[in-house]
Amino acid sequence: MKNRIAIVTGGTGALGREITLRLAEEGIKVYVPAQSLDEFNSVFDNSHKDDSDGFILRKIYSFVCNATDENSVKEFVKNVFVQEKGCIDFLINTVGGISPVSEVSEIKTDDLERMINLNFKTAFYFSREVLKIMKAENYGRIISVGAMAGLEATPGRFSYSFSKAGVISLMDTISEENKEFNIRCNTIIPSVIDTPANREWGSAEEIKKWVKPGDIANIVCRLLSDEFSSVRSSIIKVYGSV
C-alpha cells in the first residue's frame, strides 16, 4: 500500500489518530482535515524514532476544514486532488459524536439535526467528493465507522441511531453503484471504543471489555489491502467483550 493517498476524517480524534498513524506506518500518505493547523500540529509530530535510534518522516498532512460544511469539504478534497495530481485512493470516515439520552417524544429538532450533520453528512460530503476522483482513476476504498445503534433500535438514542444507520446505507449504496469502477465500501461497527472521553464514565471492569482503537486501525489496514480487494458492502462487527 506504499505511496497510496488517503484521507482520514476525524483524524485528530482518538480513533482517527490511531488509524492515521497506522496508515502512515504502512507508507501511505495521509491527509487529515482539521479545524486549525494548530490543532493538527498539537496531535501529530511528523518525525519519530525508529529501531536504530534514528528518525523517519511520517507522511501526514493537513488542510483546514470544517467537516460539517459542504463547501469546506469540497475545498479540502480539491486541495488534496491538486496536491496529489488527481489521485485519492482511500477515504476513512471517523467523524462522529453521540447525543444525550432522550426519548423520541422529547427530542429537540436541533439535536436531531446535529446528529445528522455530524455523523451522516460528514461521511456523505467526503464520500461524494472523493467518488468523483476514484471513478476517474477506476480505483478506490472507502471505510466508514458506524455504531451498534445503527443496526438495531436503541431506546433513548434515536437521533444517533438514525444518523449512523444512514452511514451504513450510504456505504452499501456507494459500493453497489460503483463496483464496476473497482471501488469498495465497507462499514466497521464497533461497540464502545476505549478512548479518554469514554474512560471518564466507564468503570474499570467495563473498560476491559471495550474495543481498542489500535484493533480498529488494524482492521482498516487489512480492508484496504489487496488481500481484501473482493470485500464490499460488508458490515464488520468489532464488539470486543461487550
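The values are calculated or read from the model by the stated rules, or taken from the named source; none is laboratory data. For clarity, every value in this text was computed on a predicted model and none was experimentally measured. All Cβ positions, even for glycine, are placed from backbone atoms using ideal geometry, and neighbour counts span all protein chains on display.
Please count how many residues of segment 128-167 are within 26 Å of Leu23 (Cα to Cα) and buried (at least 20 other Cβ atoms within 10 Å of the Cβ). Total satisfying the criteria: 15.
Candidates are the residues of segment 97-121 that are of a type in the set (S, T, N, Q) and part of a helix (DSSP H, G or I); the one that is surrounded by the fewest Cβ atoms within 10 Å (Cβ to Cβ) is Ser105.
For the subset of segment 18-42 comprising residues that are acidic (Asp, Glu) and assigned to a helix (DSSP H, G or I), which member is surrounded by the fewest Cβ atoms within 10 Å (Cβ to Cβ)? My answer is Asp38. Among the residues making up segment 153-208, those that are small (Gly, Ala, Ser), without any contact (Cβ under 8 Å) to a residue 40 or more places away in the chain and either closer than 24 Å to Lys132 by Cβ or out of contact with any helix residue (DSSP H, G or I) (no Cβ under 8 Å at 6 or more places or on another chain) (or both) are Ser169, Gly202, Ser203, Ala204. The set of residues from segment 122-181 being assigned to a strand (DSSP E or B) and touching a Pro at 6+ places or on another chain (Cβ under 8 Å) comprises just one member, Val145. Residues that are within 21 Å of Pro33 (Cβ to Cβ) and in contact with a Gly (Cβ under 6 Å, 6 or more places away or on another chain) within segment 60-116 comprise Thr94, Val95, listed in sequence order. For segment 199-216, does any single residue satisfy the condition of being modelled with pLDDT of 95 or more, under 16 Å from the mean Cα position of the chain (by Cα), closer than 30 Å to Ala136 by Cα and of a type outside the set (D, E, K, R)? Yes; the residues of segment 199-216 include at least one that is modelled with pLDDT of 95 or more, under 16 Å from the mean Cα position of the chain (by Cα), closer than 30 Å to Ala136 by Cα and of a type outside the set (D, E, K, R). Of all residues in segment 204-230, none satisfies the criterion of being closer than 14 Å to Thr94 by Cβ and part of a loop (DSSP other than H, G, I, E, B). Filtering segment 63-96 to residues that are in contact with a helix residue (DSSP H, G or I) (Cβ under 9 Å, 6 or more places away or on another chain) and assigned to a helix (DSSP H, G or I) leaves Glu70, Ser72, Val73, Lys74, Phe76, Val77, Lys78, Val80, Phe81.
May I ask you to list the residues in segment 43-90 that are at pLDDT 90 or above, over 20 Å from the mean Cα position of the chain (by Cα) and loosely packed, with under 13 Cβ neighbours inside 10 Å? Quick ask: steps written out before the conclusion?
From segment 43-90, those at pLDDT 90 or above are 43-44, 59-90; that's our starting set.
Still in the list and also over 20 Å from the mean Cα position of the chain (by Cα): 82-86.
Selection gives Val82, Lys85, Gly86.
Just one of Ile189, Ile193 is at pLDDT 95 or above, under 16 Å from the mean Cα position of the chain (by Cα) and closer than 30 Å to Glu106 by Cα; which is it?
The match here is Ile189.
Number of residues in segment 190-218 that are closer than 19 Å to Arg22 by Cβ and either surrounded by 20 or more Cβ atoms within 10 Å (Cβ to Cβ) or among the hydroxyl-bearing types (Ser, Thr, Tyr) (or both) equals 9.
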